[in-house]
1. Going by alpha carbons, how many degrees (0 to 90, nearest 10) lie between the helix axis of 90-104 and the longest principal axis of the chain?
2. Expressed as a whole number of Å, what is the distance separating the alpha-carbon centroids of the stretch 15-79 and the stretch 144-182?
3. By count of other Cβ within 10 Å, fewest leading, how are 180, 43 ordered?
4. Tell me the label-point distance for the pair residue 104, residue 52, using the 7 Å Cα-to-Cβ offset, in nm and rounded to one decimal.
5. Once you have a ≥ b ≥ c as the square roots of the Cα gyration tensor eigenvalues for the chain, tell me rounded if a/c is under 1.5, and otherwise prolate or oblate according to whether a/b is larger than b/c.
6. So between residue 79 and residue 134, what do we pick up on full extension, going 0.36 nm a residue minus the alpha carbon distance?
7. Give the order of 94, 38 when sorted by the count of other beta carbons within 10 angstrom, beginning with the fewest.
8. Applying 1/(1 + (r/R0)^6) with R0 = 30 Å to the Cβ-Cβ distance of residue 118 and residue 33, what FRET efficiency is obtained, to the nearest 0.05?
């Protein structure tokens with residue numbers, strides 16, 4: 001079975017169960033925590049992918065890592081995934097679950113890239129403008145990339161608005177190269 005199909009099925013199952021039990025906000029926080037562990041710890045990802053570590057040991061480790069930090073339903077879900085030998089799909093399951101949650105709650109994710117760190121007030125102002133324009137809640141994450149020199153790059157879904165100085169300089173260069181000098 002295709003990797004993405006497996007992770008989508010598990011994510012949909014957990015999402016549906018969370019909605020039925022009215023635990024969606026709780027499970028969203030739990031899955032964000034698990035996903036953060038996947039993104040921030042190479043050891044955690046290696047644990048999920050290791051064929052050497054026994055299933056019972058993985059379950060015990062998941063319990064020791066997340067017990068008291070996540071809901072029992074989340075722990076049972078991690079146990080089920082591990083017992084079914086699908087623990088290497090945990091990062092993709094988390095990503096798909098969070099995408100389903102954002103879609104359900106009309107939340108758009110956006111990434112703002114700037115040359116320097118922006119203050120919280122500016123970030124909040126941009127969020128409010130985007131929320132008004134899109135008629136949806138916006139989760140704005142910030143990235144600092146000095147290579148853009150100045151301006152900003154806003155990415156949302158499959159769209160990108162590039163108002164960076166580096167791109168403007170590249171465009172000027174392209175236009176100058178196209179012009180004929182007599």
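Readers should treat all values here as calculations from the given coordinates under stated rules, not as data from a laboratory. Keep in mind that what you see is a predicted model, and the values were worked out from it rather than measured. Please note: Cβ atoms are built from the backbone with ideal geometry, for glycine as well, and neighbour counts cover all protein chains shown.
1. Tilt of helix 90-104: around 70 degrees.
2. 41 Å
3. Working: 180 4, 43 7.
Ordered by Cβ neighbours within 10 Å, fewest first: 180, 43.
4. Output for this residue pair reads 3.9 nm.
5. prolate
6. Numbers: separation 55, 0.36 × 55 = 19.80 nm, distance 3.86 nm.
Full extension of this stretch gives 15.9 nm more.
7. Least crowded to most crowded, the residues run 38, 94.
8. Working: r = 26 Å, r/R0 = 0.88.
With R0 = 30 Å, the Cβ-Cβ based efficiency is 0.70.
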